[in-house]
1. When you check ILE254 against the structure, is it surrounded by fewer than 21 Cβ atoms within 10 Å (Cβ to Cβ), on the phi < 0 side of the Ramachandran plot and either among the acidic types (Asp, Glu) or modelled with pLDDT under 95 (or both), yes or no?
2. Can you pull out the residues in segment 105-132 that are β-branched (Val, Ile, Thr) and either in a loop (DSSP other than H, G, I, E, B) or touching a Phe, Trp or Tyr at 6+ places or on another chain (Cβ under 6 Å) (or both)?
3. Being within 25 Å of ARG200 (Cβ to Cβ) and assigned to a helix (DSSP H, G or I) is true for just one of ALA96, ALA135, ALA102. Which residue is that?
4. Within segment 255-278, can one find any residue that is under 18 Å from the mean Cα position of the chain (by Cα) and acidic (Asp, Glu)?
5. In segment 280-307, which residues are over 30 Å from ALA58 (Cα atoms) and either within 16 Å of the chain's Cα centre (by Cα) or without any contact (Cβ under 8 Å) to a residue 40 or more places away in the chain (or both)?
6. How many residues are under 18 Å from the mean Cα position of the chain (by Cα) and part of a strand (DSSP E or B) when one looks only at segment 211-252?
7. Name the residues in segment 114-131 that are β-branched (Val, Ile, Thr), surrounded by fewer than 23 Cβ atoms within 10 Å (Cβ to Cβ) and closer than 28 Å to GLU182 by Cα, would you?
8. Identify all residues within segment 230-251 that are without any contact (Cβ under 8 Å) to a residue 60 or more places away in the chain, surrounded by fewer than 24 Cβ atoms within 10 Å (Cβ to Cβ) and closer than 30 Å to VAL82 by Cβ; write none if there are none.
Amino acid sequence: MQQLEIRLGQVHARLRLGIESEHAPQVFTKRLNFFHPENWYSLHSLMRYTLRLSGLYARGQRNALNIQVRHNNVFLKNLPPVFDGFTLLHMSDLHADLNPPAVATLANLVAQLDYDVCVLTGDYRAATFGPFDHAMQELASLCTQLSQPIYGVFGNHDSICMLPEMEQMGVHMLLNENVRLEREQACIYLSGIDDAHYYRVDNMEKAADAIPEDHISILLSHTPEIYRQAAHAGFDLLLCGHTHGGQICLPGGIPITLDAKCPRHMGSSAWSYREMQGYTSVGAGTCIVNVRFNCPPEITLHHLRCP
C-alpha cells in the first residue's frame, strides 16, 4: 500500500483498491456501468453451446487466431522532422489467459515487426477479479518477443496489484503520468491514464502535467470514452481499445453492440475529434468466448508523419 501511494498518490491508491474490493464476481452493480457479462459464467457456457449447435464455433476460434497487422499513418503538423516515420506498435485487450494459442500466435507475429515504441492499452486478463497469475505468465512470454521500450495502461479487467509484476517484465505503466520520447535534440510526450470506464480513476490534468503546449503529445487510454476531455486537454493523438470492435459483428463489420459510451464511428479504427486524431483498436484477444466474426483481431503500427 505504501509503494502504491508513493507512485499513485494516496487518494488514487485507496480509490483503486477500494473499488476493486467491491468489484468482485458481480454481474450487476449499482454503478453507472452496472452490467458485467464477463462475470456471468452461465452466459459463457450458453454462448459456446449455441455456437457449437450452429456449427460456427470452430470457425470463430480460427478467426480469433487470424491476427491482422494494420498500418495507420498519423499526420501531425507540429511533429519534429526527426520523428518523421517514428512508429508505435499498439496492442490492446489481450485477455491473455482466455486464449493462450492466440498469445503464442501474437508472439510469433510481433517478433518480425520493426517499430520504435510498443504501447499496450489495457485488459490483460479475462476476468475482472480474482487471480491473475495465468494472464501474467502469458504476458511475460509475449514480452520476451517485444522490443523495448514498452509502455502500458490498465483497463477495467485489470488489478492495480499487477503493477509490480508488469514492470518487472519490462512494461513501464503510465498511471496518470507522462514520459518524454527523445530523438536527437527534439522530443514528443507519451501520457497514460488509469481506467476511465469502470474505475473512473483517470486524471487528465496529472497525465498532461508539464507538457509544453507546442509539443506533440500522445495519450494512452483503455477506452475511447474520454475523447472530449483528451481533445480539450490538447492531446494530438489518442490511442485506445476496450470495444473489441464488437467482436461478433454483422457482415460488413457492423458491431451488434459496443461497450463504450462514445459515437459508434469511434468504436474501431482511425477517427478524429476537433484537432485531435484517434485510433480505437479492436484488440488482439477476445472476451467472454474466444471467437470472432466479421471483426478479425488486430495489432496496429502507427507511423507518425510530418504533413
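The values are calculated or read from the model by the stated rules, or taken from the named source; none is laboratory data. None of the values given here were measured: they were computed from a predicted structure. Methodologically, a virtual Cβ is constructed for each residue, glycine included, from the backbone with ideal geometry; neighbour enumeration extends over all protein chains shown.
1. yes
2. Selection gives VAL119, THR121, THR128.
3. Exactly one residue qualifies, and that residue is ALA135.
4. yes
5. HIS302
6. Of the residues in segment 211-252, 8 are under 18 Å from the mean Cα position of the chain (by Cα) and part of a strand (DSSP E or B).
7. VAL117 - this is the single residue of segment 114-131 that is β-branched (Val, Ile, Thr), surrounded by fewer than 23 Cβ atoms within 10 Å (Cβ to Cβ) and closer than 28 Å to GLU182 by Cα.
8. Once the filter is applied, which keeps residues that are without any contact (Cβ under 8 Å) to a residue 60 or more places away in the chain, surrounded by fewer than 24 Cβ atoms within 10 Å (Cβ to Cβ) and closer than 30 Å to VAL82 by Cβ, segment 230-251 yields ALA231, HIS232, ALA233, GLY234.
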